[in-house]
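Beneath this line is the structure, given in structure tokens, with notes to follow.
The values are calculated or read from the model by the stated rules, or taken from the named source; none is laboratory data. These numbers were taken from a predicted model, which means no experiment stands behind them. Cβ placement follows ideal geometry from the backbone for every residue including glycine, while neighbour counts extend to all protein chains displayed.
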Amino acid sequence: MDEIERLLELGRMDLEAGYPQYAREYFEKVLALDAANREAIDALARIDELRRKAVVPVEPIRGELVEPPHKVEQKRTAPKKELDPLAEWFRKQPDLNKVVILASILLAFVICCPALMRQGTDTSTLILSTPKPLKVTYMVHGTTTSASLTYETPDGTEQRDVRLPWQRTFYNFSKGGFVYISAQNRRSAGSIRVEIWIGGELWKHAESSGAYVIASVDGLLY
């Protein structure tokens, strides 16, 4: 399987899975290698059409705004709010007393604020950023037609016997997570190649040839 065909296959899979934003990356890579590739051109046109359909324009409403009846009723029946006793007391004070009270509060704040800031916690350490999940694709292909696989998923390790070519994509790997795939040729001849793709880019690969050989690759997602 050449590079263009692998990119097309990854794009098809993401498009069918409902991830057009990821599929676009693969089809654009195909056009970078083959600007006249009809399947990639058609797929990008389809993705653009899906995006246009997803955006529904809202027609602005002209004319006088009329509040819903329940809001009008609320305005009629809402009881008058009573002032807080402290606010009522402050309102009744002479203007000079109000100035003195406000000045005293401001002075107390200026005196106490530096001490509070020295004793406070550095808020920059409390800001936690949530890393964006990573998309990981395992691919196995070669001249052999059958392989035994062992690979790591976000939920644990899986094993299976498959026909080649084979691939599988996960959309919820975490940064710093461990990825691994091992493939053993189940035939007495032929070659086998394993690849790990991260977000549309080939990250690592390994290849072996011969009877019942094993190719494997692993790493941490940094």
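At least 2 residues being modelled with pLDDT of 85 or more is the threshold, and among the helices (runs of 4 or more DSSP H) wholly inside the range 1-114 those reaching it are 3-16, 20-33, 38-54. Do we find a residue being modelled with pLDDT under 95, more than 27 Å from LEU15 (Cα to Cα) and not aliphatic (A, V, I, L, M) anywhere in the range 136-152? No, there is no match, as no residue in the range 136-152 is modelled with pLDDT under 95, more than 27 Å from LEU15 (Cα to Cα) and not aliphatic (A, V, I, L, M). Of the strands (runs of 3 or more DSSP E) lying entirely inside the range 179-222, the ones with 3 or more residues being surrounded by fewer than 19 Cβ atoms within 10 Å (Cβ to Cβ) are found at 201-209, 214-220. The residue pairs whose first member lies in the range 97-113 and is farther than 17 Å from ALA87 by Cα, whose second member is of a type in the set (Asp, Glu), and whose beta carbons are closer than 8 Å, counting only pairs six or more residues apart or on different chains, do not exist in this structure.
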